[in-house]
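What follows draws every value from the coordinates through simple rules; no lab data is involved. All figures in this text were calculated on a predicted structure; none of them were measured in a lab. Cβ placement follows ideal geometry from the backbone for every residue including glycine, while neighbour counts extend to all protein chains displayed.
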2 protein chains.
Amino acid sequence: MDNHAGPQGRVRLSDVARMAGVSTATVSRVLSHPDMVAEATRLAVAQALDRSGYRMNHAARNLRKGRTGCVVALVPNLGNPFFAKILVGMGRELAAAGYDLLVADTQDQGSLPATLRRFLDPSRADGIILLDGRASAAQLAPGPDRPPVVLACEWIEDAALPRVVLDNQRGAALAVTHLRALGHRHIGVIGGPPANVLHQARLAGTRDAAQDLRLTLFPGDFSLQAGQAAARHWLALAPAERPGAVFAFSDEMACAFIADLGRAGQRVPRDVSVVGFDDIELASHLLPALTTIRQPKRDLGRKAAQVVLAAIAGHEVAAVTRLEPQLMLRETTAPPG
Amino acid sequence: MDNHAGPQGRVRLSDVARMAGVSTATVSRVLSHPDMVAEATRLAVAQALDRSGYRMNHAARNLRKGRTGCVVALVPNLGNPFFAKILVGMGRELAAAGYDLLVADTQDQGSLPATLRRFLDPSRADGIILLDGRASAAQLAPGPDRPPVVLACEWIEDAALPRVVLDNQRGAALAVTHLRALGHRHIGVIGGPPANVLHQARLAGTRDAAQDLRLTLFPGDFSLQAGQAAARHWLALAPAERPGAVFAFSDEMACAFIADLGRAGQRVPRDVSVVGFDDIELASHLLPALTTIRQPKRDLGRKAAQVVLAAIAGHEVAAVTRLEPQLMLRETTAPPG
DNA sequence: AAAATGTTTGCAATCGATTGCAGACCGGTG
DNA sequence: CACCGGTCTGCAATCGATTGCAAACATTTT
């Protein structure tokens, strides 16, 4: 590329215009509305554009257009492979639409409210995908200058914001129904944080499907450590009181639960059946392979991106986009021994 | 907050200035260089600032200052929990310095060169952290208007760019030395893609430490599927030809390898010892818990962020920042049976 | 040939914050 | 009282692309 840059060392739109012998307006139009420009002019400009190696200055365009070209995803825990997978689908979809994906972890950097304030700003991002249900509806008040917010995975009961979610009740029902069909009558549940909507929805689904079955709740928070703790609790029960099947609200908890039971000599599924939730990639590569409820992670990300893009474009968007869970039957469930 | 917004509905610096009875210059200085402003003025402005609920327009500031406030991380596979964890450390460090973290997956969205071109643009990001070693030095030519690039985890041999990397050779040596100490004389290696620098460095470290030991290389690519394939290969060998210990260049391969051997009736570590690489969070919660080489993931992310921030600030930065691996002794290794 | 219609282009204002420069103001000194 | 040095503030230009408006030109109609 030639050096047609100005003194600042960078090629500007006006440099290209000078090269092509037209005004900056025309060059801008060639870039954004090619069909308003006459064939011959367009070609001349196109040539100048690539001879000069012109790269647009995004700050300038964004200032003028009042947009940012970014969508931010606020994730409760980036380290969780489940969320990471969702981001993949999201990133693709956004990139295809010309948007960049900004990522912020709401767990560690400051508090969630602080992070929210930081990004609920039309000059920071054109749209927000919130994967953390701990925000309050008030914090998300739809001011006139607030970029559109879409809730994904988790949601907030009283917030009038579009959601892209799994049918968690149904997912739980799938798990419980499966265990009942195997003959289990006493089911342990390793839950999430009591205030968490996913916990609540899954628990509701579990209770509905359980009907006459006995349930024992082990507290949890979706983490590996919670799985360990549940294993301790289970082992501490008198053998007759131990549920013969356990439904964990995350694969990670299921995983840690199984491993720690194993260390205590209890085998899965011989002594306990286990069902997880999420279907993280590793689930099918464990021994025994984890029976679990699959969330279509990539799709969740893709759909969330589509909804936020539609909202940005000012289109009407569905209040709720619900995805279907699926029972992945593998090796950790069996009839009670 | 009062509504002091202009007709566009948004409070601008000039609105605040009018409220405080000063010029925009002064308001700007209160925000960016408070010590140039007299006490009394500063207070008046500060009051106007929060009474109006002013939020700065980033596009405008960025245009004027010639920066973006973003750093982009180019990740080969976001779905990999290893990379996800690195991003956590990175995100924190950047947020603390007032930078946003942009994430792009180089695996799926278009080709790596396309993604590179997209982000090697001073108006898109102020700095780049490249975690994908498949770029060529030529693509990263240090033009005058190219934001600083830092290589992390992976690197590119002939590129004169700062790196933040693990001492991979030493990591491999730790693994092999451990296996030798247990009495193993024939070690299988499940590698990465042959062209991958991590593969090469770890293989070199393995060879150095192996000396007189026998090595058998199973091809791989760090994925779960590669671990499965390696299991098939291992099982296909005549029993006398099977290495009694296997060193996998990623935890995911180790994991899948162990699971599939288990399905074929081979137990770890009774029949084979296995060492992984990375120490993903799940590694210690498997059964048996995976012995592995730990990479300080969060630190890697933090350090990479620090280096790129220093480069952005125009400071001299170390050509290489090397982090130390650590052998995590767990349950998958034992003396040969 | 004049008028009407449609297409293409350029002028110049605009988005909102930052900053070099110079003027205003202060108290203190000769 | 004039002058000096220092501190604080405002003016106005600037970053670079976009776009409403109107001028210039081409084409068709009457």
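Things to note:
- For chain B: relative contact order, % (alpha-carbon pairs under 8 angstrom, 6 or more apart): 17 percent
- On Cα atoms only, tilt of B:251-263 relative to the major axis of chain B in degrees: 40 degrees
- The residues neighbouring A:A231, those whose beta-carbon lies less than 10 Å from its own, together hold a net charge of +1 under the Lys/Arg +1, Asp/Glu -1 convention.
- Inter-copy label distances at A:A141, using a point 7 Å along Cα-to-Cβ, come to 5.4 nm with the shortest given first.
- With Cα atoms, 0 to 90° folded angle of helix A:197-210 axis to chain A main axis: 40 degrees
- Other protein chain C-beta atoms within 10 Å of residue C-beta, averaged over A:246-259: 2.
- The share of C-alpha pairs in chain A whose separation exceeds 40 Å stands at 30 percent.
- With respect to chain B, whose longest principal axis is taken over its alpha-carbon atoms, helix B:224-236 is tilted by about 10°.
- For the stretch A:168-295: rounded, prolate or oblate by the Cα gyration tensor [a/c cutoff 1.5]: rounded
- Protection proxy ranking, peptides B:24-36, B:153-165, A:62-74, average beta carbon neighbours within 10 Å, highest first: A:62-74, B:153-165, B:24-36
- Of A:K85/B:K297; A:K297/B:K85; A:K303/B:K297; A:K85/A:K303, those spanning more than 24 Å from alpha-carbon to alpha-carbon: A:K303/B:K297
- Local net charge near B:T41, Cβ-Cβ under 13 Å (Lys/Arg +1, Asp/Glu -1): 0
- The modelled label-to-label distance between A:A97 and A:D50, using points 7 Å beyond Cα along the C-beta direction, is 2.9 nm.
- Each other copy places its own label point for B:T177 at 5.7 nm from this one, sorted shortest first, where the point lies 7 Å along the Cα-to-beta carbon line.
- Local net charge near B:L261, Cβ-Cβ under 14 Å (Lys/Arg +1, Asp/Glu -1): +3
- Dipole magnitude (debye, nearest 20) for the protein assembly as shown, charges at Cβ of Lys, Arg, Asp, Glu: 660 debye
- Along the axis of the charge dipole computed for the stretch B:110-202 (Cβ charges of +1 for Lys and Arg, -1 for Asp and Glu, origin at the Cα centre), the listed residues B:G143, B:H178, B:N196 are led at the positive end by B:H178.
- Distances in nm from A:A313 to the matching label points in the other copies, shortest first (labels 7 Å along Cα to Cβ): 4.4
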